[in-house]
Amino acid sequence: MGTPGAFISDDNFGDVSVNNLMETFDESEEQEELVEPRFRYKRVLGDLIRLLENDPASCFTIHEKLMVVGFQSGRVCIFDHLGNVNIDSCCRYHKCAVSSISIDDAANYIVTCANDFSIVIYGIGCSEYNQRIPVTQSCKVVAIAANFSRPSSGQRFLAANQNLVLYQRGVRAEFFSGKRRETCLYKGTQTDGLINCLSWRENFVAFTNETGTRIYDLKLSRCLALVQPFHKNENFPISKFPPKHVWLNDSTLAIGWANTVCICAIVQTTKRPGPNTSDLLLDLPKGRILHRFTFNNFAIAGISFTTRSSYGNDEICSLPHSTLNSPPNSLNSQSDWRELIIFGIKKSAGRGDTREPSLLNFTTTNCSIDGENLNEE
């Protein structure tokens with residue numbers, strides 16, 4: 001496994017200090033200007049409210065077609081976006097609280113895990129690849145391949161605790177017997193802690209433990225980058241402030257953790273070969289930090305984004321092109337994302353914690369760091 005490039009927050013890159021590039025959002029500054037609400041909110045009701053009365057939710061995931069909720073009892077239920085349950089899909093798949101849920105792009109299959117040393121795969125309206133997989137260590141998070149339901153895809157999924165493991169269907173006899181090949185992509189240490197967040201887009205897998213967020217290339221079988229935390233772990237324990245990921249496109253990742261947000265991209269770099277290799281230049285992917293932000297008195301609980309299609313034609317034409325395009329040598333030259341949406345918990349004096357969404361607009365953001373100056377670990 002290759003050594004990942006490390007993003008160090010305390011070093012100087014060229015003549016510019018990273019600390020000077022950090023943009024701090026002060027809550028007092030936000031209160032000076034009244035901002036018109038950008039979103040309409042409606043509480044999910046239906047059968048979900050009734051089920052939550054006796055069985056608290058432990059995790060959930062949202063798809064454009066449906067919503068899947070895991071409960072403390074180990075039960076997993078599928079709902080529509082109004083909260084109406086699909087009775088046929090409600091089943092207790094685990095013996096304890098469901099830890100993580102992942103659904104493929106076609107919404108045909110779901111993979112779940114819990115602390116009962118099992119991973120469960122089950123289909124929605126299909127059952128060809130249904131399977132319960134016993135594991136030697138309980139899994140913390142899982143991620144299913146976007147094309148899982150495609151017959152020739154190998155039915156891949158990822159499972160993580162301290163280590164990151166890729167599962168895929170075997171060939172010939174193994175395929176028909178239901179056995180799966182296991183490949184350990186990353187082996188963590190006690191110091192690294194557990195992997196608390198896992199996201200998968202095309203060939204890139206992002207996962208976060210105590211030491212930071214790593215981006216792994218499945219095609220090259222190596223880690224491309226390590227984004228170290230920009231906050232002090234002792235002030236924001238990962239058990240209380242878990243990290244969140246979202247892929248903005250095939251090569252750009254947004255990381256929300258504690259009170260910081262970091263956006264990094266995988267870009268192509270060129271490296272001259274050694275004397276014993278070809279005269280051609282080698283194209284190597286590497287990580288580059290595009291933006292970095294910190295919030296005062298605001299802990300991040302979730303992260304998402306809006307797209308160009310969310311706006312009218314007049315608004316799209318008025319957007320600076322720099323906010324719509326990836327870096328020049330990015331693996332994905334066009335980017336559809338427009339704004340980040342940060343969901344968090346803000347502590348109000350004398351009133352406890354209140355949940356509020358905050359919208360981060362990148363129209364005026366010019367914070368960037370040249371990937372050529374990134375140090376290597």
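The values are calculated or read from the model by the stated rules, or taken from the named source; none is laboratory data. Predicted model only: the values in this text are computed from it and were never measured. So basically every Cβ, Gly included, is an ideal-geometry build from the backbone, and we count neighbours across all protein chains shown.
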Consider S118 carefully, then state whether it is closer than 16 Å to L198 by Cα and among the polar types (S, T, N, Q).
no
Quick check on the stretch 40-76: of everything there that is in contact with a Cys (Cβ under 6 Å, 6 or more places away or on another chain) and assigned to a strand (DSSP E or B), which residue is nearest to S304 (Cα to Cα)?
V69
Looking at the stretch 213-243 only, could you name the residues that are among the small types (G, A, S) and buried (at least 21 other Cβ atoms within 10 Å of the Cβ)?
A225
Test: residue in the stretch 161-182 that is within 28 Å of R43 (Cβ to Cβ) and surrounded by 19 or more Cβ atoms within 10 Å (Cβ to Cβ):
no
Wholly within the stretch 77-132, strands (runs of 3 or more DSSP E) carrying at least 3 residues that are of a type outside the set (D, E, K, R) and either over 27 Å from K42 (Cα atoms) or over 25 Å from the mean Cα position of the chain (by Cα) (or both):
109-114, 118-123
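Rundown of residues vs (1) touching a residue at least 60 places away in the same chain (Cβ under 8 Å); (2) in contact with a strand residue (DSSP E or B) (Cβ under 7 Å, 6 or more places away or on another chain), yes/no style:
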position: G188; (1), (2): no, yes
position: N196; (1), (2): no, yes
position: S199; (1), (2): no, yes
position: A206; (1), (2): no, yes
position: E210; (1), (2): no, no
position: T213; (1), (2): no, yes
position: D217; (1), (2): yes, yes
position: L220; (1), (2): yes, no
position: L224; (1), (2): yes, yes
Of the numbered conditions (1) at positive phi; (2) surrounded by fewer than 16 Cβ atoms within 10 Å (Cβ to Cβ), G74 fails exactly one; give the number of that condition.
(2)
Selection status of S138, modelled with pLDDT of 95 or more, assigned to a loop (DSSP other than H, G, I, E, B) and of a type in the set (G, A, S):
no
Scan the stretch 168-183 and give yes if some residue there is part of a loop (DSSP other than H, G, I, E, B) and within 17 Å of the chain's Cα centre (by Cα), otherwise no.
no
In the list Q190, Q155, which residue meets the criterion of being over 17 Å from the mean Cα position of the chain (by Cα) and buried (at least 18 other Cβ atoms within 10 Å of the Cβ)?
Q155
Anything in the stretch 83-128 that is surrounded by fewer than 16 Cβ atoms within 10 Å (Cβ to Cβ), closer than 22 Å to E64 by Cβ and in contact with a Gly (Cβ under 7 Å, 6 or more places away or on another chain)? List them, or say none.
N84
